[in-house]
Amino acid sequence: MIDSQQASAALNDINDIVHRVRQSQIYQTASLIIIMWGVLVFLGYIANYTWPPRGYAIWAVVDLVGIAGSIGIAAFSGTGPGAGAFAIRLLMAFLLFIAFGIFCSVVLGHFGPRQMLVFWPVFTMLFYALAGLWFGYAFIVIALCSSALIVIGYFYAGPALLLWMALVHGGALVLGGLWMRRI
């Protein structure tokens, strides 16, 4: 027979394990999505560097493939009955994110191509940092490091900004996703 203190300690241990398992599952799913986006944006920057006049079409394809891939990973990696609902919420989050980003960058900001190239990744990293407040510090570290490198490139990369962005934005996402898989 166990007393109330032992029972309380056992329940705390169980809650701690449940929390760790949940965080591990979130990290596993998120890391797949982050790695996928890292590869996509790397390829997008290289394609944009190679064919500058096709930039808008290239990024439209990258975004559509990324959104579809993210929703697919979220829908099929969930084990519980709420996985489908999470995928729908993720789609709605993407749509709100895109609408707000377009409003800020086109309607309010009137950004040029160079500013637009930096705005979207930094704007994206804001949401990674916010996710880190709920899901773990790895998201915050990825967001801060990637944003700092992006801003450095904006000021110092000159005409090689697209190549810089391929390495630091795409590379940071891939490395961050791989790092999350180890946590």
Structure-derived Cα extents along the principal axes in Å - corresponding label in (1) 46, 43, 27; (2) 41, 39, 33; (3) 74, 33, 29: (3)
Whole-Hz ³J(HN,Hα) for each residue in region 167-179, computed from phi via Karplus 6.51 cos²θ - 1.76 cosθ + 1.60 with θ = phi - 60°, x for glycine and proline: what do you get? 6, 7, 7, x, x, 5, 5, 5, 5, x, x, 5, 4
Rounded to a whole number, what % of the accessible area of the chain do carbon and sulfur atoms account for, probe 1.4 Å? 74
Using +1 on the beta carbon of Lys and Arg, -1 on that of Asp and Glu, and nothing else charged, what's the dipole of the chain about the Cα centre, debye to 20? 360
In degrees rounded to 10, the 0-90 angle between helix 55-77 Cα long axis and the longest Cα principal axis of the chain is 10
May I ask you to evaluate 6.51 cos²θ - 1.76 cosθ + 1.60, the Karplus curve with θ = phi - 60°, for each residue of region 142-153 and list the ³J(HN,Hα) values in order in whole Hz, giving x for glycine and proline? 4, 5, 5, 5, 5, 4, 4, 5, 5, 5, 4, x
I'd like the accessible area for residue 111: 1.4 Å probe, protein heavy atoms, all chains in place, Å² to the nearest 10. 80
Here the net charge surrounding residue 34, from other residues whose Cβ is less than 15 Å away from its Cβ (Lys, Arg +1; Asp, Glu -1), is +2
When the charge dipole of the chain is computed with +1 at the Cβ of Lys and Arg and -1 at the Cβ of Asp and Glu, the Cα pointing farthest to the positive end, of 56, 73, 124, is that of 56
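In square angstrom, what is the accessible area per residue of the chain with a 1.4 angstrom probe?
That works out to 61 Å² per residue.
The values are calculated or read from the model by the stated rules, or taken from the named source; none is laboratory data. Just so you know, these numbers come straight off a predicted model, no measurement behind them. Note: ideal-geometry Cβ built from the backbone for every residue, glycine included; neighbour counts use all protein chains shown. Ligands, DNA and RNA are excluded from the accessible area calculation, which covers all protein heavy atoms including side chains. Shrake-Rupley method; radii C 1.70, N 1.55, O 1.52, S 1.80 Å.
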